[in-house]
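Structure record follows, encoded as structure tokens.
The values are calculated or read from the model by the stated rules, or taken from the named source; none is laboratory data. Remember, it's a predicted structure, so these values are computed and weren't measured experimentally. Glycine gets a Cβ as well: all are built from the backbone with ideal geometry, and neighbour counts include every protein chain shown.
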Amino acid sequence: MSGDVYVLGIDMMKFGRYPEQTVPELGGQAALMALDDAGLTIDQVQALYCANLGQANAMVGQRILREIGQTGIPVVNCANACAAGATAFREAWISVKAGLYDIVLAVGVEQMGRGLLGGNRADGISTEGLLGSATMPAVFAEAGMEHARKHGTTFEQFARVSVKNHHHSTLNDRAMYQLETPLDTVMGAEMIAYPNTKLMCSVNVDGAAAAVLVSERKAKQLGMKRAVRVRASALTSDPWQERDLVMADVNTCTRNAATQAYEAASVGPEDLDLVELHDCFATAELLHYENLGLCPEGEAGAMIESDATALGGRIPVNVSGGLLSKGHPLGATGIANIYEIATHLRGEAGKRQVAGARLGLTHVLGLGSACAVHVLERVSP
């Protein structure tokens with residue numbers, strides 16, 4: 001293995017609806033933005049790792065290069081559920097860490113439809129209606145209610161996640177929505193799957209994000225002033241276990257990835273300055289407080305009530321507005337989360353800047369199962 005790997009350039013487009021653009025056009029736009037941020041051009045990139053789910057068989061990475069410059073480099077296309085973007089980033093990191101390349105590009109891109117995710121199964125007997133529901137709102141509603149059964153977590157505590165993240169979004173011009181939603185508004189919204197109301201569900205949007213990763217040698221050559229060090233990268237899937245087939249396990253994958261990432265980075269959750277985690281639903285954010293070790297078991301409800309995870313709190317979470325406001329274009333989400341952390345570590349987050357941010361963590365969970373956790377560090381002057 002070579003030395004450390006650095007994010008030298010990273011950017012994301014404003015998430016929203018772009019029906020007039022193709023997936024490669026969106027991905028190409030983000031790629032050029034990241035290259036501009038790094039002060040590089042496509043002819044200097046030695047490999048491309050691309051994440052996309054909706055057109056997973058359509059060689060999206062190669063089609064992006066047709067938009068921005070075909071240079072004959074190797075292209076790897078990744079589809080790994082909601083963790084696809086973080087997986088592409090990790091594959092790029094591995095290739096540089098292994099000494100294969102000095103400059104690589106990771107791109108995540110997605111155009112989303114409307115409506116509920118999940119529920120359609122092509123193989124075997126459908127679990128829909130037989131074993132609860134396979135739609136994502138129902139899966140995470142079940143998980144939230146199990147937490148409530150064990151620890152007494154309340155509807156109001158879950159709803160406070162949305163209040164916090166929607167407030168954070170008002171400070172982020174890249175978010176799809178930038179709206180305040182008071183507690184009574186969140187709790188009174190249309191019920192999708194109790195306890196998740198419509199305002200407690202992530203937003204299906206179009207979007208793209210990209211990152212330029214470089215070797216330590218190349219970072220020193222090009223300039224370290226805005227470089228962000230990748231301290232750790234972990235990717236897990238579910239281990240075998242005896243479990244209730246009625247209820248999906250949305251916790252173990254994350255706990256294992258977090259443990260691996262903390263060990264690789266030689267840090268603990270108490271060392272983090274901010275976190276971008278997978279708040280696909282409000283219930284999920286509270287579960288992941290405990291899964292990532294941000295609070296002891298059973299104390300997530302109290303944690304959200306204490307404002308510890310709000311901007312200005314002990315450990316701000318989803319200062320971008322999270323998936324609940326920023327939006328969740330599946331293939332792009334993992335790299336977009338890394339963009340948010342990198343922006344704070346660079347001191348460039350403007351009104352939502354976490355003061356003195358030195359160490360941040362990103363987390364993405366793809367139900368099915370895949371979980372990616374990255375620890376990023378500000379480079380000391």
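Here are a few things to note about the model shown:
- Looking across region 10-50, just one residue is within 20 Å of the chain's Cα centre (by Cα), more than 20 Å from residue 213 (Cα to Cα) and aromatic (Phe, Trp, Tyr), and that is 15.
- All positions within region 80-102 that are touching a helix residue (DSSP H, G or I) at 6+ places or on another chain (Cβ under 8 Å) and buried (at least 22 other Cβ atoms within 10 Å of the Cβ): 80, 82, 83, 84, 85, 86, 87, 88, 89
- Which listed residue, of 329, 316, is closer than 28 Å to residue 113 by Cβ and crowded, with 21+ Cβ neighbours inside 10 Å: 329
- So residue 174, is it on the phi < 0 side of the Ramachandran plot, at pLDDT 95 or above and in a helix (DSSP H, G or I): no
- Test for residue 161: is it closer than 18 Å to residue 300 by Cα, in a helix (DSSP H, G or I) and modelled with pLDDT of 95 or more: yes
- Tally of residues being under 27 Å from residue 380 (Cα atoms) and charged (D, E, K, R) across region 1-55: 4
- Filter result for residue 261 (touching a Phe, Trp or Tyr at 6+ places or on another chain (Cβ under 9 Å) and buried (at least 17 other Cβ atoms within 10 Å of the Cβ)): no
- Matching helices (runs of 4 or more DSSP H) fully within region 281-381 where at least 2 residues are under 13 Å from the mean Cα position of the chain (by Cα) and under 25 Å from residue 263 (Cβ atoms): 282-291, 330-345
- Test: residue in region 22-31 that is surrounded by fewer than 19 Cβ atoms within 10 Å (Cβ to Cβ) and either hydrophobic (A, V, I, L, M, F, W, C) or in contact with a Gly (Cβ under 8 Å, 6 or more places away or on another chain) (or both): no
- Some residue of region 177-194 being closer than 27 Å to residue 290 by Cβ and small (Gly, Ala, Ser): yes
- Scan of region 141-163 for residues that are out of contact with any helix residue (DSSP H, G or I) (no Cβ under 6 Å at 6 or more places or on another chain) and closer than 20 Å to residue 190 by Cβ, ordered by number: 141, 142, 145, 154, 155, 156
- The test for being under 22 Å from residue 316 (Cβ atoms) and buried (at least 23 other Cβ atoms within 10 Å of the Cβ) holds for residue 161.
- All of 247, 176 fail the test of being farther than 27 Å from residue 108 by Cβ and either surrounded by fewer than 20 Cβ atoms within 10 Å (Cβ to Cβ) or of a type outside the set (Lys, Arg) (or both), apart from 247.
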